[in-house]
Structure formats: structure tokens, C-alpha cells
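To start, the structure itself, in C-alpha cells.
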Amino acid sequence: MKIVKIKFDTAHIIGTTDDGRELRQSLLYYPRLYHATPEQRNQYTINAFGIRWDNLDEDMSFDSFEYDNPEPTSLSRFFLMHDEINASAVARKAGISQSLLAQYVKGTKNPSAERKAQLLTIIHNIGRNLQQTKF
């Protein structure tokens, strides 16, 4: 499979394959593309392995369009949309390894309902602490 043409909507990159299929990938997985201007997004090259944006120093493989999880999960979406929140610090506060939280964020593992509730409580506490900050 090879992508021969791409376009963007507000949240996705959409690739048209050499056999006519349209495949989507969330831009949240590619923050440089997500924050890029339309002009920057349109400055790409397609090679034998994928798509390259030299001006953004970004690469996307053709295979990424066929991943099982083209949309981030709720936990993954949170950390991808809020890169100012340090996932390592959240993992420490939760008493779990950074690598386990990274797997939750990537969607390669799914946290239990209890773990999700624990992480949400920690994130809410961080928010409350930030609201109380005074300068």
C-alpha cells in the first residue's frame, strides 16, 4: 500500500492510497503537523516509505494509516492535547511506572476503570493546585 495523495481536515490527515482507499490518521499523534499552517502542511514529499515534511522535520509512514487505533483514546487524547502536563509526574503521583503510563497514552495498553479514575483524580488535583497559584 502506498499513499499517493493527502489532504487535511481540522483533526486528521487523510491519505488516498494507490488502490483508491481513503485512510485517516489523527493529527494529535503528530503535534508539528497539528500546529502547522496550511502552507507548512502542503510542503511535503512522498517517498518509498512515507511522507516527509522537511520544513517541520516530520515523517509519517504509510503503515501508520493502517494502525488499529487511528483515533486516540480519552486518556491518550488528554495527554496529546495538553503537552504542558508532564506524564512522568502524573505517573509518579499515581505510583505507577512511567513506561506503563506511556503505554496507556499510546493506546497499546488500556487502564482499568479504577486506574482511569485514579489518573483523573490526580489530573483534577493538579488543576486545583494550579488555580490556587499566586504570584
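Report whether or not THR133 is open to solvent by 30 Å² or more (accessible area, probe 1.4 Å) and assigned to a helix (DSSP H, G or I).
Details: open to solvent by 30 Å² or more (accessible area, probe 1.4 Å): yes; assigned to a helix (DSSP H, G or I): no.
Criteria not met by THR133.
Return yes or no: is LEU28 touching a residue at least 40 places away in the same chain (Cβ under 8 Å), open to solvent by less than 20 Å² (accessible area, probe 1.4 Å) and under 22 Å from LEU80 (Cβ atoms)? Working first, answer last.
Details: touching a residue at least 40 places away in the same chain (Cβ under 8 Å): yes; open to solvent by less than 20 Å² (accessible area, probe 1.4 Å): yes; under 22 Å from LEU80 (Cβ atoms): yes.
So LEU28 passes the test.
With ALA117, ALA113 as the choices, which residue is among the aliphatic types (A, V, I, L, M) and open to solvent by less than 60 Å² (accessible area, probe 1.4 Å)?
Values: ALA113 fails: open to solvent by less than 60 Å² (accessible area, probe 1.4 Å).
Criteria check complete, one pass: ALA117.
Do you know which of the residues in segment 45-79 that are among the hydrophobic types (A, V, I, L, M, F, W, C) and part of a strand (DSSP E or B) is surrounded by the most Cβ atoms within 10 Å (Cβ to Cβ)?
In the first step, residues of segment 45-79 are kept if they are among the hydrophobic types (A, V, I, L, M, F, W, C); the result is 46, 48-49, 51, 53, 56, 60, 62, 65, 75, 78-79.
If we keep only those that are part of a strand (DSSP E or B) too, we end up with 46, 51, 53, 60.
On the way: ILE46: 16, ILE51: 20, TRP53: 19, MET60: 22.
Once the filter is applied, the top-ranked residue is MET60.
Sort through GLN103, GLN118 and tell me the only one that's over 22 Å from VAL4 (Cα atoms) and without any contact (Cβ under 8 Å) to a residue 12 or more places away in the chain. Step through it out loud before you land on a result.
On the way: GLN118 fails: without any contact (Cβ under 8 Å) to a residue 12 or more places away in the chain.
Criteria check complete, one pass: GLN103.
Residues that are touching a Leu at 6+ places or on another chain (Cβ under 8 Å), open to solvent by 50 Å² or more (accessible area, probe 1.4 Å) and either within 22 Å of ASN129 (Cβ to Cβ) or not in a helix (DSSP H, G or I) (or both): does segment 81-94 have at least one?
There is at least one residue in segment 81-94 that is touching a Leu at 6+ places or on another chain (Cβ under 8 Å), open to solvent by 50 Å² or more (accessible area, probe 1.4 Å) and either within 22 Å of ASN129 (Cβ to Cβ) or not in a helix (DSSP H, G or I) (or both).
The values are calculated or read from the model by the stated rules, or taken from the named source; none is laboratory data. The shown structure was predicted, so the numbers you read here are calculated from the model rather than taken from an experiment. Glycine also receives a Cβ, built like all others from the backbone with ideal geometry; neighbour counts cover every protein chain displayed. Accessible surface areas use protein heavy atoms only, side chains included; no ligands, DNA or RNA. Shrake-Rupley method; radii C 1.70, N 1.55, O 1.52, S 1.80 Å.
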